[in-house]
1. Tell me, what % of the accessible area of the stretch 32-114 is carbon and sulfur with a 1.4 angstrom probe?
2. For Cα pairs less than 8 Å apart in space and 6+ apart in sequence, what is the mean separation divided by the residue count of the chain, i.e. the relative contact order in percent?
3. Using alpha-carbon pairs under 8 Å, 6+ residues apart, how would you state the relative contact order of the stretch 105-163 in percent?
4. What is the pair-distance distribution P(r) of the stretch 140-281, computed from all Cα-Cα distances in 10 Å bins starting at 0, with each bin given as a whole percent?
5. First select every other residue whose beta carbon is under 10 angstrom from the beta carbon of residue 103; then total the charges, Lys and Arg +1, Asp and Glu -1.
6. Quick one: putting +1 on the C-beta of Lys and Arg, -1 on the C-beta of Asp and Glu, what dipole do you get for the stretch 56-156 around its Cα centre, in Debye to the nearest 20?
7. Keeping every protein chain present and rolling a 1.4 Å probe, give me the accessible area per residue for the chain in Å².
8. Quick one: divide the alpha-carbon radius of gyration of the chain by 2.2 N^0.38 Å and tell me what you get.
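The values are calculated or read from the model by the stated rules, or taken from the named source; none is laboratory data. Everything quoted here is computed from the prediction, not taken from an experiment. Neighbour counts run over all protein chains shown; Cβ positions are idealised from the backbone, glycine included. Ligands, DNA and RNA are excluded from the accessible area calculation, which covers all protein heavy atoms including side chains. Shrake-Rupley method; radii C 1.70, N 1.55, O 1.52, S 1.80 Å.
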Amino acid sequence: MTEPRDRDVPAYAALRERVPPGSSWGVFAQDPERGTANFAGAAQVRDAASAVARGAVFSLDHALDAFDPPMARARSAPRHELLASHAQARDDVLHGFYPQATSQVDGLRHRRASGHGFYNGVPDGDIRPGHPALGIQRWAEKPIVGRGVLVDVERQLAAEGTPPDHRAGPALDTAVLDRALRAQGVTVRPGDLVLVHTGWARWFLDAGPALRAEVRDARRATGFRQSLELPAWLWDHRVALFATDTFAVEVLPVVADSPFLDSAPEDAGMMHQELIAKLGVPLGELWDLTALAEDSRRTGRWDALVVVKPLHLVGGVGSPPNATAIR
């Protein structure tokens, strides 16, 4: 795969002058349906391999039924059944399997740009089961592999004396990423997979049933403030994939001053259309970053070789990431 040269990639400010505003449509000449995953090419994979020194391996996925009931009311945890054609054999079947009910990567079918269409102008008629256009299989055919950088926002906010109050669901500003990276002594490179640890998923899973029900019913979750700063940060850093341990990456409920109230009225001004439908960012939600963060704090190493290979579901909208970090 030929990586886009930096001089071929406009700045986010220039993307704001495009139609639709803030879109990368047409920027990637090769494998355009992989979106910003194209930033992690062969050179970035070779560079990421140098992060492997100890042979330590970390799964970044929670169990398929970890979030039961899931935060999204339209989804449910799967029911696992074992089948046996005879006494010496077993097979699995999952009933009610929603691939985005637990750790997930949102594909580029997940959100349409209101008034404009799906990423790169793919026709609505192509977004159907079995049709490959923008399907999650694009990242299974060519897995997203590169240097993962853990940004420990939980640690940074605690050090600043403002640990995140996940019950209240704080809105995070993009500037906390820069402060955490400076404190960690890490610079984001083009093609990096940025993994943001806030502690939200671990907090939610450890909370009692009443507290989980409270935040679920309120649809309240820690995440990034809806703003133009986050898409600009991701694009201008040439981030290949952006994943967090939060429910939706962005804060819920949507902040009252969201700049996307008019452009994303169906979602009350959410930022998903900016990140997915316009920029083409593989978006990871509910990732399990606890063990990786603990290892980073202990060793002072914040990077790793990260492999993301979603289910090879042709025409799929999203999938468990099947993500692994190796150090």
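1. Numbers: 2150 of 4160 Å².
About 52 percent, which is the carbon plus sulfur part of the accessible surface.
2. Details: 734 pairs, mean separation 97.1, N = 327.
Relative CO of the chain lands at 30 percent.
3. Over the stretch 105-163, the number comes to 25 percent.
4. 11, 40, 36, 13, 0
5. On the way: positive: none; negative: 61, 245, 285, 288.
Taking every Cβ under 10 Å from that of residue 103, the sum is -4.
6. On the way: 12 positive and 12 negative charges, 68 e Å.
Dipole size: approximately 320 debye.
7. On the way: 13550 Å² over 327 residues.
Counting only protein heavy atoms, the per-residue value for the chain is 41 Å².
8. On the way: Rg = 19.1 Å, N = 327, 2.2 N^0.38 = 19.9 Å.
Normalised Cα radius of gyration, the chain: 0.96.
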